[in-house]
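Asker: Have a look at this one.
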Amino acid sequence: MERTRKPAVPGWFTEEGGFRLLGTRCAACAAVFFPREDAYCRNPHCAGGGAMEEVPLSRRGRVWSYTDGRYRPPAPYPSDPGEPWEPYTLLAVELEAEGMVVLGQAVPGVGPADLEVGMEVEVVGGVLAEDADTVWTTWCFRPVGGPA
Amino acid sequence: MTDVAVLGAGMHPWGKWGRSFVEYGRVAARAALADAGLEWRGVQSVVGAGTVRGGYPGHVAGAAFARALGWQGARVASVYAACASGAHAVAAARAQILAGQADAVLVVGADAAPKGFFAPAGGDRDDDPDWLRFRLLGATNPAYFGLYARRRMAVYGDTAEDFARVKVKNAAAGALNPLARYRKAVTAGEVAASPVVADPLRLLDVCATSDGGAALVLGSMEFARARGAADPVRIRAVSTVTPRYPRTVLDLPDIATDSGCGTGPGPAGAAVPFRASIARAAYEEAGIGPEELSLAEVYDLSTALELEWYEDIGLCGPGEGAALLGKGATALGGRVPVNASGGLASFGEAVPAQAIAQVCELTWQLRGAAGARQVPGARVGIAVNQGLFGHGSAIVAVR
Ligand SMILES: [Zn+2]
């Protein structure tokens, strides 16, 4: 049976027409939020009254910092305690247009030795977890022109 | 005048004791009351620093401690602000005293922390940023500390050896503190030989989770004088500020910072990063500057983070933390010892007790009663930390 692909969290990214993170933008002050803020604008300088509109975020950014997880994180991180722990790599990326720093895992195969602060990376789709009938999708960062 | 007197300070020794947080808090409270020379029945108010993991559900901190000490009808409050809980409890007690609601207030914080990484409570909560960072990213607290450490290496040229030196310094101080969990010296070689937890940080760069309790009895200056304490240690400022928008430095437990979009040339306040703004607010309230400090207690959740605090509390300029450490300025015997108590490196985290324990240390130091780790002639101290979800905390104590 074909497994369904479902976002690990709804509304934070889209895979249609190329992978993009989705944020929201305040129509009154142009502040951008990720994770999306649909109910209200959090800018205290905002005049208010603006609608929060969905907006795709920059495809690219630069590495603000990076680290890895050598020990298995606790639940609710999905991981099988029966399997040996494979460290993951975590990136903090400053998005090109928004200037915000967003956390994300690196694509599999990219480790701290492959990274440098300031390096250009792009956001791509990835897999957080799989079970019998669902593939839970997420976002990942990949060095531009680096290992795929 | 915003001063309140520290009448008493007390702790339960920190470690892994396997008992209830209520018991740690009760022991610390009894010690603080004895130090103050006050009967529990003579205290008109108790403020408990809350813990979610140990204290809720099933317990609410203020009343749990009050019941353990014996119900006596005191005013009661419970305060939760994650790592800043203890300082916010001090702020609540101080406000009651300055408002004339109580002459003497007992402040208590205690926890029984689980082993290993801190983790959110169970259940699916996809509107909770703390739950989401674990769920989607596996981003533990040390992962954030690793990000800060690697950033310092890239921007300022800090090295793993610089970070290890913080642990060596704090372990040396902790070895002199009978209340600390870890009481032996650590070498740079031992730090380097410990396993990597979150690149570039190793096990001995990151603080452990612990059990522990700490308590203070605070009172009005009039009450202190009437009881014959002419020159008590005084709390002169308590800062509990939030960040200012846009917050552009990634902080626990957020998945992203604010964007600079839409803020025009930039609102004035946002130029000061959150951690620095916490200390700045306390200095402003106290009318005291960093150059007047005798010592500081800072949240060394990681060795690299302690260097960041040097800069954030104004001991040196941005990027100069490692050089200040290298000169020995922040060690016992240096110009301004930092974490003379041994810090979290020696105590470990017992979340709601930590900020109260910091003030206990300032109290003993300013009284000249800190024994082998005494900072000679200490007159002014600051204790700083930050709580999850934008809770600031800094306390200035003077003698
Ligand atoms: Zn707005």
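The values are calculated or read from the model by the stated rules, or taken from the named source; none is laboratory data. What you see is a predicted model; the values in this text were computed from it and never measured. Cβ atoms come from the backbone with ideal geometry, glycine included; neighbour counts cover every protein chain shown. These area figures cover heavy atoms from the full protein model, side chains too; ligands, DNA and RNA do not enter into them. Shrake-Rupley method; radii C 1.70, N 1.55, O 1.52, S 1.80 Å.
Asker: Suppose we filter the range B:145-178 for residues that are within 14 Å of chain A (Cβ to nearest Cβ) and surrounded by fewer than 21 Cβ atoms within 10 Å (Cβ to Cβ); how many remain?
Answerer: So the answer is 6.
Asker: Ok, one more. Of all residues in the range A:1-36 being touching a Gly at 6+ places or on another chain (Cβ under 6 Å) and more than 9 Å from chain B (Cβ to nearest Cβ), which is nearest to the ligand (Cβ to nearest atom)?
Answerer: Filtering first and then ranking leaves A:A27.
Asker: Residues of the range B:198-230 being in contact with a strand residue (DSSP E or B) (Cβ under 8 Å, 6 or more places away or on another chain) and among the charged types (D, E, K, R), which ones?
Answerer: B:D199, B:R202, B:D205, B:D211, B:R227, listed by residue number.
Asker: Which count do you get for residues in the range B:291-325 that are over 20 Å from B:R150 (Cβ atoms), over 18 Å from the mean Cα position of the chain (by Cα) and not in a loop (DSSP other than H, G, I, E, B)?
Answerer: Total meeting the criteria: 3.
Asker: While we're on this one: Restricting to the range B:70-99, count the residues that are touching a residue at least 40 places away in the same chain (Cβ under 8 Å) and not hydroxyl-bearing (S, T, Y).
Answerer: The total comes to 16.
Asker: Select from the range A:72-115 the residues that are within 9 Å of chain B (Cβ to nearest Cβ), among the small types (G, A, S) and under 21 Å from B:G116 (Cβ atoms) and list them in ascending order.
Answerer: A:A75, A:S79 - these are the residues of the range A:72-115 that are within 9 Å of chain B (Cβ to nearest Cβ), among the small types (G, A, S) and under 21 Å from B:G116 (Cβ atoms).
Asker: While we're looking at this one, here's another question. Within the range B:328-363, count every residue that is surrounded by fewer than 23 Cβ atoms within 10 Å (Cβ to Cβ), within 29 Å of B:S20 (Cβ to Cβ) and out of contact with any Ser or Thr (no Cβ under 7 Å at 6 or more places or on another chain).
Answerer: Selection size over the range B:328-363: 0.
Asker: Would you confirm whether any residue within the range B:192-207 is touching a residue at least 12 places away in the same chain (Cβ under 8 Å), of a type in the set (V, I, T) and either more than 14 Å from chain A (Cβ to nearest Cβ) or surrounded by fewer than 21 Cβ atoms within 10 Å (Cβ to Cβ) (or both)?
Answerer: Taking every residue of the range B:192-207 in turn, none turns out to be touching a residue at least 12 places away in the same chain (Cβ under 8 Å), of a type in the set (V, I, T) and either more than 14 Å from chain A (Cβ to nearest Cβ) or surrounded by fewer than 21 Cβ atoms within 10 Å (Cβ to Cβ) (or both).
Asker: Here's something else I'd like to know. Do you know which residues across the range B:379-396 are open to solvent by 20 Å² or more (accessible area, probe 1.4 Å) and in a loop (DSSP other than H, G, I, E, B)? Don't jump to the end; show me each part of the working.
Answerer: Start the filter on the range B:379-396 by keeping residues that are open to solvent by 20 Å² or more (accessible area, probe 1.4 Å), which leaves B:379, B:386, B:388-389, B:391.
Selection gives B:R379, B:L388, B:F389.
Asker: Check the range B:94-111 and report whether any residue there is at pLDDT below 95, crowded, with 19+ Cβ neighbours inside 10 Å and either closer than 23 Å to B:N339 by Cα or among the β-branched types (V, I, T) (or both).
Answerer: yes
Asker: In the range B:232-241, is there at least one residue being small (G, A, S), under 30 Å from A:F33 (Cα atoms) and not in a strand (DSSP E or B)?
Answerer: Looking through the range B:232-241, none of the residues is small (G, A, S), under 30 Å from A:F33 (Cα atoms) and not in a strand (DSSP E or B).
Asker: So the check is Cβ under 6 Å with 6+ separation or different chains; which pairs have a first residue in the range A:37-65 that's within 16 Å of the ligand (Cβ to nearest atom) and a second one that's among the basic types (K, R)?
Answerer: A:E53/A:R25; A:V55/A:R25
Asker: Listed residues A:G61, A:G69, A:G125; which is within 19 Å of A:T14 (Cα to Cα) and open to solvent by less than 20 Å² (accessible area, probe 1.4 Å)?
Answerer: Just a single option satisfies the conditions, and that option is A:G61.
Asker: Got a sec? Which of A:G61, A:G69, A:G50 is facing another protein chain (nearest Cβ under 7 Å) and either under 29 Å from B:P246 (Cα atoms) or of a type in the set (A, V, I, L, M) (or both)?
Answerer: None of the other options fit; the residue is A:G69.
Asker: Out of all the residues in the range B:164-176, is one or more in a loop (DSSP other than H, G, I, E, B) and within 24 Å of the chain's Cα centre (by Cα)? Lay out the reasoning, then the answer.
Answerer: Taking the range B:164-176 as the starting set, the residues that turn out to be in a loop (DSSP other than H, G, I, E, B) are B:175-176.
Imposing the further condition that a residue be within 24 Å of the chain's Cα centre (by Cα) reduces the set to B:175-176.
Yes, because at least one residue in the range B:164-176 is in a loop (DSSP other than H, G, I, E, B) and within 24 Å of the chain's Cα centre (by Cα).
Asker: Which one of the conditions (1) within 14 Å of another protein chain (Cβ to nearest Cβ); (2) open to solvent by 10 Å² or more (accessible area, probe 1.4 Å); (3) at pLDDT 90 or above does B:F117 fail to meet, given that it meets all the rest?
Answerer: Checking B:F117 against (1) within 14 Å of another protein chain (Cβ to nearest Cβ); (2) open to solvent by 10 Å² or more (accessible area, probe 1.4 Å); (3) at pLDDT 90 or above, the one that fails is (3).
Asker: Select from the range B:224-254 the residues that are among the small types (G, A, S) and within 14 Å of another protein chain (Cβ to nearest Cβ) and list them in ascending order.
Answerer: Passing the criteria: none in range.
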